[in-house]
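Input: a single structure, listed below in structure tokens.
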Amino acid sequence: MANFRAYSNAKLTNKQSDTSAWKDFLALIKIGIVNSNLITVFTGIWLAIVFTDAKFLEQIDIVLYTLIGSGLIIAGSCVLNNFIDRDIDPLMERTKARPTVTGKAKPTNVAVLGFGFLLIGTLFLLLTTITATVIALVGAFSYVVIYTMWSKRRLVSNTVIGSFSGAVPPLIGWAAIDPGLDVIAWSLFLIMFVWQPPHFYSLAIRRVEEYRSAGIPMLPVVKGFEVTKKHTYVWIVALFPLPFLLYQLGIPFLILATLLNIGWIITGIRASKKQDEYKWATSMFIYSIQYLTILFVSMVVFTLF
């Protein structure tokens, strides 16, 4: 009986260890960022197939290569971001449990994993088009070097600079099917670019003291809440005309996109009545995630009718 208990306890410990290792891996690659970006990659792929009169099933290999390659490059970039930020992550509540902070992942191994993902992802994308591959690598360079290593710790405009890399995924998807990059592809890029500042400003307000402790010059840290809220509304207003660049998706899509933009403004106004900056930021942050998901999924759905 004692041996059986020891065996059971060892088995349970191994299971818990495996689960913990998997969670650490998902935290290292920032699985939430990978998943959300793959939605926009797929939207770029889908719209390129629709508007170039290609056949989805005939392009299924390209679709898979693009999703796998993009996912690996995004994951690799996130891993390197964790590697670079391991000195400031212990200072922030939301990042202090990362495996690069707790010591569960050795820095050398993390760097190898990051570059390994970038290399394998590049090889997969090379099976599509050179344009898609170059765009992905430019995006990775922008995120790892220009944003993480340079602007994040130096400039209050770091959020805007970082938005470039976050806007690249739909371009990768489109370029994998059509290297010519139609105006629709650039419209997706613009929507993603303009969406990011209000999304991340709300996060920065929620975590302002953490950013202050880490010495990161986020807008609310340097300019305060009121200025950040004004900037947020300006960027949301800038989103209003962009869906009209996608007029080929039809009137129902344009109506939905406009309602989503109006809803974002209304959410901010209603949340302001609570006179609690953190609740305002939380409401805006949650809405921004729902906004992006609904908008990009609807782009696919409206092409089906």
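The values are calculated or read from the model by the stated rules, or taken from the named source; none is laboratory data. Quick caveat: nothing in here was measured; it's all calculated off a predicted structure. FYI the Cβ positions are ideal-geometry reconstructions off the backbone, even for glycines, and counts take in every protein chain you see. These area figures cover heavy atoms from the full protein model, side chains too; ligands, DNA and RNA do not enter into them. Shrake-Rupley method; radii C 1.70, N 1.55, O 1.52, S 1.80 Å.
Summary of values
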| quantity | calculated |
| --- | --- |
| Of the DSSP H helices in the chain, those whose Cα atoms cover at least 24 Å axially and whose Kyte score averages 0.0 or more | 31-51, 60-84, 107-125, 183-206, 251-272, 277-301 |
| D (Stokes-Einstein, µm²/s), Kirkwood Cα radius, region 21-92, 1.002 mPa s at 20 °C | 155 |
| Sulfur and carbon atoms: percent of accessible area, region 202-242 [1.4 Å] | 62 |
| Kirkwood-type radius of region 219-276, with distances r between different C-alpha atoms, in Å | 12.8 |
| Structure-based [θ]222 nm, the chain - -39500 (n - 2.57) summed over DSSP H runs of at least 4, per residue, nearest 500 | -24500 deg cm²/dmol |
| Value of relative contact order over region 43-116, rounded to a whole percent, pairs C-alpha under 8 Å and six or more apart | 29 |
| Lys, Arg +1 and Asp, Glu -1 on Cβ, resulting dipole of region 36-107 about Cα centre, debye, nearest 20 | 400 |
| Peptides ranked, highest mean first, by Cβ atoms within 10 Å: ranges 196-202, 68-74 | 68-74, 196-202 |
| Gain on full stretching of the segment that runs from Leu155 to Lys230 - 0.36 nm per residue minus C-alpha separation | 25.1 nm |
| Percent of Cα pairs exceeding the 30 Å cut-off, where the set is the chain | 39 |
| Tensor-based shape of region 191-305 (alpha-carbon gyration tensor, a/c under 1.5 rounded, otherwise prolate or oblate) | prolate |
| Pairs beyond 29 Å (Cα-Cα), from Lys30/Lys152; Lys30/Lys274; Lys106/Lys279; Lys23/Lys152; Lys223/Lys274 | Lys30/Lys274; Lys106/Lys279 |
| Gain in span if fully extended, Leu245 to Asp24, counting 0.36 nm per residue against the direct Cα distance | 75.5 nm |
| Cβ crowding within 10 Å averaged over residues, with 23-33, 81-91, 127-137, 271-281 ranked highest first | 127-137, 81-91, 23-33, 271-281 |
| Region 94-137 versus region 173-240: alpha-carbon centroid distance in Å | 23 |
| Fully extended contour minus Cα-Cα distance, from Ile39 to Ile289, at 0.36 nm per residue | 88.8 nm |
| Estimated dipole of the chain in Debye, rounded to 20 [Cβ of Lys and Arg +1, of Asp and Glu -1, Cα centre] | 1200 |
| Residue with peak Gaussian network fluctuation, the chain [Cα springs, cutoff 10 Å], from Gly173, Gly224, Gly76 | Gly224 |
| Computed magnitude of the charge dipole of region 42-183 (debye, nearest 20; Cβ of K, R +1, Cβ of D, E -1) | 780 |
| Cα-based radius of gyration of region 113-192 once divided by 2.2 N^0.38 Å, which approximates compact folds | 1.15 |
| Relative contact order computed over the chain (Cα-Cα under 8 Å; 6+ residues apart), in percent | 19 |
| Region 137-233: projected area of the alpha-carbon convex hull, averaged over directions, in nm² | 6.3 |
